[in-house]
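> Sharing a structure with you now.
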There are 2 protein chains.
Amino acid sequence: MGKLKEKTVPQLEALLRELQTEYKGWQEKGLRLDMSRGKPNTDQLDLCQGMLDTVSSKLGAVSESGVDCRNYGLLEGIPEVRKLLADMLQVDQEEIIVGGNSSLNMMYDCMTRALLYGVYGSDKPWCKEPEIKFLCPVPGYDRHFAITQHFGFKMINVDMTAEGPDMDQVEEYIKDPSVKGIWCVPKYSNPTGVTYSNRVVRRFARLAPAAPDFRIFWDNAYTIHDLYDEGDTLLDLFALLKDQGKEDMAFIFGSTSKISFAGAGLAAVAASKRNIRFMTRQLTNQTISYDKISQLMHVRFFGNFQNMKAHMKKHAALLRPKFELVEDILEEELGSLDIARWTKPRGGYFISFQTTPGCAKRTVALCKEAGVTLTAAGAAFPYGIDPEDSNIRLAPSYPSLEELEQAARLFCLAVKMATVEYLLTTSI
Amino acid sequence: MGKLKEKTVPQLEALLRELQTEYKGWQEKGLRLDMSRGKPNTDQLDLCQGMLDTVSSKLGAVSESGVDCRNYGLLEGIPEVRKLLADMLQVDQEEIIVGGNSSLNMMYDCMTRALLYGVYGSDKPWCKEPEIKFLCPVPGYDRHFAITQHFGFKMINVDMTAEGPDMDQVEEYIKDPSVKGIWCVPKYSNPTGVTYSNRVVRRFARLAPAAPDFRIFWDNAYTIHDLYDEGDTLLDLFALLKDQGKEDMAFIFGSTSKISFAGAGLAAVAASKRNIRFMTRQLTNQTISYDKISQLMHVRFFGNFQNMKAHMKKHAALLRPKFELVEDILEEELGSLDIARWTKPRGGYFISFQTTPGCAKRTVALCKEAGVTLTAAGAAFPYGIDPEDSNIRLAPSYPSLEELEQAARLFCLAVKMATVEYLLTTSI
């Protein structure tokens with residue numbers, strides 16, 4: 001097809017008519033596909049089907065350490081599960097609380113506690129501050145931004161580079177004491193797939209924010225979620241912070257939502273012993289204990305962290321062909337047109353796609369009208385506003401390979417249509 | 001022994017020496033018993049052991065309505081479980097959200113949402129109010145008061161009568177617009193065992209608080225937790241409120257913590273459709289969904305509410321002898337002394353004991369020093385302050401009958417000692 005921007009108006013008009021005809025064909029197929037969320041497919045959930053056999057009336061519900069998981073108690077989680085997830089997040093067993101099934105909920109809880117009570121080192125509850133600002137690397141995770149928007153924080157965009165957030169911007173913004181924290185997905189970042197470089201992590205560890213109770217919300221959601229045998233490596237922020245006695249600055253989150261069951265996994269928050277003590281005192285007002293049967297099922301199924309890591313290779317084997325299929329189709333359909341770029345992540349759940357500025361919303365709408373749901377354009381930005389209207393998040397995990405092929409082809413067609421429409425509008 | 005208050009000082013002194021000798025004997029036994037919390041015994045947990053067989057790799061994790069409980073989705077709970085718990089709380093399926101394993105956590109969440117966002121009908125978030133007051137029927141549930149204390153609410157004691165909170169006091173206090181709500185355990189109240197009378201519930205339904213966003217936190221924790229075939233009946237507050245179009249005024253809570261597993265049950269909040277819609281919009285910022293494997297296990301094990309109610313008779317058969325044993329020993333040891341009174345509840349988890357004013361703390365301390373842990377004296381009051389130092393909560397569920405007999409005997413001895421000491425001090 002050649003580079004679109006080099007085409008004349010009549011050429012573009014002819015092309016648009018072709019694309020519209022093709023699009024009508026797709027509309028008639030009546031597709032109903034969803035690439036909007038990082039939702040595991042059934043075959044991934046089946047990988048842990050054996051977990052459902054780990055508790056039974058015969059096997060009982062008493063853990064190896066003697067805890068009757070059916071009864072009250074152990075707010076921080078049973079010892080075995082704390083060990084398992086502490087190993088996953090590279091912290092000590094005393095530096096972790098294993099909560100319910102949702103790390104998002106644990107982040108939300110950390111935020112409500114900070115607002116209503118403050119964090120360790122706060123002068124006052126955050127809700128008593130005249131204004132709170134939060135740094136949001138963009139594009140980022142929409143549900144992070146939804147929390148801070150919900151609570152009325154002023155969200156500040158920080159550009160994502162190929163090695164993580166632009167640390168010049170971060171270092172500048174944290175001079176403002178009303179900046180209380182930053183959202184981070186440091187490994188296989190949602191949606192860019194970027195793993196923060198050593199240089200970036202070291203600069204995080206050296207941050208000296210004006211707010212004494214500044215917190216890095218380090219959502220290590222994809223810590224062992226490699227697509228390839230050779231995974232990215234992320235420097236251990238917590239260890240670096242400890243070296244400088246600054247370990248109170250990070251809240252680290254993780255979950256097994258994409259290791260065991262998205263709808264019944266385990267979530268955890270890890271932090272310094274001081275932070276954990278401070279949190280636990282507040283948590284005793286919130287609940288008596290989290291679901292320990294689920295904790296027991298995970299411990300019995302995985303046994304230890306090595307097994308859990310090995311288990312992730314099975315997920316990779318199912319996910320990798322999906323990512324590669326989408327990437328191949330994008331290359332085949334759009335590679336020569338010079339109208340878009342996209343990421344080729346080595347882990348995580350997303351491909352981040354950049355249309356020609358001004359074309360993302362239209363692309364998503366065209367997909368929608370032909371039966372393929374994508375994440376709303378702009379969703380990866382605070383307030384849902386992508387200043388360039390350019391970013392689209394693709395989530396290839398849920399559809400089957402056959403469905404994915406269709407969805408990806410339609411997506412490429414929609415990108416082309418939206419771009420040609422845009423070029424025609426702007427060239428008039 | 002005769003009424004203690006009629007004895008002379010030398011008689012009391014002689015008695016105290018006798019009691020002290022007996023007490024030494026108890027101390028030498030080295031007991032380690034716990035009557036502090038309403039914790040089910042292992043034999044109660046065993047009643048639901050079959051629940052652990054309801055999910056397995058063979059049975060899978062797809063609910064009858066076709067929900068794959070292993071995956072994301074259904075924030076309000078799977079339809080089957082909403083039906084089950086809606087029946088338990090006498091509401092419609094659309095009027096309930098089934099959350100994690102802790103109703104306390106759901107109350108805490110309702111409170112944080114109210115503070116940070118307001119409830120349906122609020123002018124502003126509660127944390128923006130200069131002062132918030134909350135009504136606390138006393139004696140009441142310590143963990144309720146811990147939440148409102150944690151958030152700095154001013155807690156106002158309301159006297160519990162034999163038919164529920166003193167509604168004259170409640171009706172007076174709610175004229176103050178800074179009074180935003182009231183804690184209630186309307187059936188087999190913690191710790192008094194009182195079920196609110198029809199008259200009291202009707203007065204609740206007629207309340208016209210000055211605060212437009214006043215909420216009754218109706219913690220129906222023991223709704224089907226009868227000890228006898230003939231259980232207490234509680235008038236349906238929600239239906240009465242609906243009759244007057246005032247159904248937004250109540251948040252109703254319940255859980256299966258003392259039906260299935262204390263450490264892995266299901267909790268729910270029920271409320272008007274407007275409240276539920278308002279809450280759900282906020283909840284989408286908090287989490288994606290709660291643990292649905294646990295929901296599925298409950299649905300498969302109980303099937304329907306009738307079975308759940310039938311199941312409660314098995315709990316009653318285990319609990320009733322424990323309550324009756326303690327009541328018999330109290331009567332035998334203290335009945336004639338005119339120094340104490342106690343409740344004989346027909347359901348729930350507690351016996352509420354009133355010592356001679358000024359003797360509760362000393363009684364609890366004496367028990368502790370001889371190896372029997374009771375709930376801290378004063379715990380059933382806001383700020384832990386029992387103005388009369390008289391109330392002690394006894395929780396007979398966890399110890400075995402043999403242990404309970406020992407604990408109850410020691411408790412009676414401690415009551416006698418504390419009372420004699422007190423009488424001697426005050427008669428000097």
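The values are calculated or read from the model by the stated rules, or taken from the named source; none is laboratory data. On a predicted model such as this, the values are computed, not experimentally measured, just so you know. As a convention, Cβ positions derive from the backbone with ideal geometry for all residues, glycine included, and neighbour counts pool all protein chains shown.
> Please determine, by comparing only the residues of the stretch A:297-314 that are closer than 15 Å to A:ALA268 by Cα and surrounded by 22 or more Cβ atoms within 10 Å (Cβ to Cβ), which one is farthest from the other protein chains (Cβ to nearest Cβ). Outline the logic, then answer.
Of all residues in the stretch A:297-314, those closer than 15 Å to A:ALA268 by Cα come to A:298-299, A:305.
Add one more test, that the residue is surrounded by 22 or more Cβ atoms within 10 Å (Cβ to Cβ), and what stays is A:298-299.
Numbers: A:HIS298: 11, A:VAL299: 14 Å.
Looking at residues that are closer than 15 Å to A:ALA268 by Cα and surrounded by 22 or more Cβ atoms within 10 Å (Cβ to Cβ), I get A:VAL299.
> Something else now. Take the stretch B:28-44 and flag every residue that is surrounded by 14 or more Cβ atoms within 10 Å (Cβ to Cβ) and outside any loop (DSSP other than H, G, I, E, B). Show your work before the answer.
Restricting attention to the stretch B:28-44, the residues satisfying the condition of being surrounded by 14 or more Cβ atoms within 10 Å (Cβ to Cβ) are B:31, B:33-41, B:44.
Hits for the stretch B:28-44 are B:LEU33, B:ASP34, B:MET35, B:GLN44.
> Quick one: would you say A:ALA379 is in contact (Cβ under 8 Å) with a residue 24 or more places away in the chain and under 27 Å from A:MET155 (Cα atoms)? Before the answer, list the steps.
Details: in contact (Cβ under 8 Å) with a residue 24 or more places away in the chain: yes; under 27 Å from A:MET155 (Cα atoms): yes.
Taking the combined requirement at face value, the residue satisfies it.
> Residues in the stretch A:261-288 that are within 14 Å of chain B (Cβ to nearest Cβ), touching a helix residue (DSSP H, G or I) at 6+ places or on another chain (Cβ under 6 Å) and more than 16 Å from A:ASN105 (Cβ to Cβ): how many?
Going through the stretch A:261-288 one residue at a time, the tally reaches 1.
> Specify the residue that is nearest to B:PHE411 (Cα to Cα); the eligible residues are those in the stretch B:29-63 that are at pLDDT 95 or above and of a type in the set (Asp, Glu).
B:ASP43
> Which fully enclosed helices (runs of 4 or more DSSP H) of the stretch B:77-165 have 1 or more residues being of a type outside the set (A, V, I, L, M) and within 14 Å of chain A (Cβ to nearest Cβ)?
Numbers: elements: B:79-88, B:103-117, B:142-150.
It comes to B:103-117, B:142-150.
Residues are listed down the side, and each one gets a yes or a no for (1) at pLDDT below 95; (2) of a type in the set (Val, Ile, Thr); (3) more than 26 Å from A:LYS39 (Cβ to Cβ); (4) touching a Leu at 6+ places or on another chain (Cβ under 7 Å):
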{"site": "B:ASN71", "(1), (2), (3), (4)": "no, no, no, yes"}
{"site": "B:GLU76", "(1), (2), (3), (4)": "no, no, no, no"}
{"site": "B:ILE96", "(1), (2), (3), (4)": "no, yes, no, yes"}
{"site": "B:GLY99", "(1), (2), (3), (4)": "yes, no, no, no"}
{"site": "B:ASP109", "(1), (2), (3), (4)": "no, no, no, no"}
{"site": "B:GLU131", "(1), (2), (3), (4)": "no, no, yes, no"}
{"site": "B:LEU135", "(1), (2), (3), (4)": "no, no, yes, no"}
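> Now for a different question. Go through the stretch B:166-202 and count every residue that is within 13 Å of B:LEU135 (Cβ to Cβ), polar (S, T, N, Q) and either at pLDDT below 95 or touching an Asp or Glu at 6+ places or on another chain (Cβ under 6 Å) (or both).
Qualifying residue count, the stretch B:166-202: 1.
Conditions tested, residue by residue: (1) at positive phi; (2) among the charged types (D, E, K, R); (3) in contact with a Phe, Trp or Tyr (Cβ under 7 Å, 6 or more places away or on another chain); (4) in contact (Cβ under 8 Å) with a residue 12 or more places away in the chain.
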residue: B:ILE339; (1), (2), (3), (4): no, no, no, yes
residue: B:GLY358; (1), (2), (3), (4): yes, no, yes, yes
residue: B:THR363; (1), (2), (3), (4): no, no, no, yes
residue: B:CYS367; (1), (2), (3), (4): no, no, yes, yes
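> Check B:THR363, B:THR356, B:THR373 and return the single one that is assigned to a helix (DSSP H, G or I) and either out of contact with any Gly (no Cβ under 6 Å at 6 or more places or on another chain) or at pLDDT below 95 (or both).
On the way: B:THR356 fails: assigned to a helix (DSSP H, G or I); B:THR373 fails: assigned to a helix (DSSP H, G or I).
After applying the criteria, what remains is B:THR363.
> Select from the stretch B:234-251 the residues that are within 23 Å of B:SER102 (Cβ to Cβ) and in contact (Cβ under 8 Å) with a residue 40 or more places away in the chain and write down the one among them that is surrounded by the fewest Cβ atoms within 10 Å (Cβ to Cβ). Before you say what the answer is, go through the steps one by one.
Applying the first criterion (within 23 Å of B:SER102 (Cβ to Cβ)) to the stretch B:234-251 yields B:234, B:237-238, B:250-251.
Okay, now just the ones that are also in contact (Cβ under 8 Å) with a residue 40 or more places away in the chain, so B:234, B:237-238, B:251.
Values: B:LEU234: 21, B:LEU237: 24, B:PHE238: 23, B:PHE251: 23.
Among those that are within 23 Å of B:SER102 (Cβ to Cβ) and in contact (Cβ under 8 Å) with a residue 40 or more places away in the chain, it is B:LEU234.
> Now, a different point. I'd like to check something: does the stretch A:55-71 contain any residue that is in a helix (DSSP H, G or I), in the same structural domain as A:PHE253 (by TED's automatic domain parsing) and buried (at least 19 other Cβ atoms within 10 Å of the Cβ)?
In the first step, residues of the stretch A:55-71 are kept if they are in a helix (DSSP H, G or I); the result is none.
Checked against the condition, which is being in a helix (DSSP H, G or I), in the same structural domain as A:PHE253 (by TED's automatic domain parsing) and buried (at least 19 other Cβ atoms within 10 Å of the Cβ), the stretch A:55-71 yields no hits at all.
> Can you tell me which residue among A:GLY231, A:GLY263, A:GLY254, A:GLY181 is surrounded by fewer than 24 Cβ atoms within 10 Å (Cβ to Cβ) and either small (Gly, Ala, Ser) or at positive phi (or both)?
A:GLY231
> Does A:GLU95 satisfy the criteria of being surrounded by fewer than 16 Cβ atoms within 10 Å (Cβ to Cβ) and within 29 Å of A:SER197 (Cβ to Cβ)? Spell out how you get there, then give the answer.
Working: surrounded by fewer than 16 Cβ atoms within 10 Å (Cβ to Cβ): no; within 29 Å of A:SER197 (Cβ to Cβ): yes.
Considered against the rule, which asks whether it is surrounded by fewer than 16 Cβ atoms within 10 Å (Cβ to Cβ) and within 29 Å of A:SER197 (Cβ to Cβ), A:GLU95 comes out as no.
> Condition test on A:ARG37, is it out of contact with any Lys or Arg (no Cβ under 8 Å at 6 or more places or on another chain) and within 9 Å of chain B (Cβ to nearest Cβ)?
Values: out of contact with any Lys or Arg (no Cβ under 8 Å at 6 or more places or on another chain): yes; within 9 Å of chain B (Cβ to nearest Cβ): yes.
Yes: the conditions hold for A:ARG37.
> Among the residues of the stretch A:199-215, are any within 25 Å of A:LYS258 (Cβ to Cβ) and in a loop (DSSP other than H, G, I, E, B)? Give the derivation first.
The initial filter retains those residues of the stretch A:199-215 that are within 25 Å of A:LYS258 (Cβ to Cβ), namely A:200-201, A:204, A:215.
Next, only the ones that are in a loop (DSSP other than H, G, I, E, B) stay: none.
No: zero hits.
> Same structure again: Go through the stretch A:65-76 residue by residue and tally those that are more than 9 Å from chain B (Cβ to nearest Cβ) and either over 23 Å from A:PHE261 (Cβ atoms) or free of Cβ contacts under 8 Å to residues at least 24 places away in the same chain (or both).
Looking only at the stretch A:65-76, we keep the residues that are more than 9 Å from chain B (Cβ to nearest Cβ), and these are A:65-66, A:75-76.
Filter once more, so that each one left must be either over 23 Å from A:PHE261 (Cβ atoms) or free of Cβ contacts under 8 Å to residues at least 24 places away in the same chain (or both): A:65-66.
Residues in the stretch A:65-76 being more than 9 Å from chain B (Cβ to nearest Cβ) and either over 23 Å from A:PHE261 (Cβ atoms) or free of Cβ contacts under 8 Å to residues at least 24 places away in the same chain (or both): 2 in total.
> Of the numbered conditions (1) without any contact (Cβ under 8 Å) to a residue 40 or more places away in the chain; (2) outside any loop (DSSP other than H, G, I, E, B), B:GLU388 satisfies every one except a single condition; which is it?
Every listed condition holds for B:GLU388 apart from (2).
> Being facing chain B (nearest Cβ under 7 Å) and among the aliphatic types (A, V, I, L, M) is the filter; apply it to the stretch A:42-57 and report the residue that is farthest from the chain's Cα centre (by Cα). First the steps, then the outcome.
Quick first cut of the stretch A:42-57, residues facing chain B (nearest Cβ under 7 Å) only: A:42, A:45, A:49-50, A:52-53, A:55-57.
Okay, now just the ones that are also among the aliphatic types (A, V, I, L, M), so A:45, A:52, A:55.
Working: A:LEU45: 19, A:LEU52: 27, A:VAL55: 31 Å.
Per the criteria, the residue is A:VAL55.
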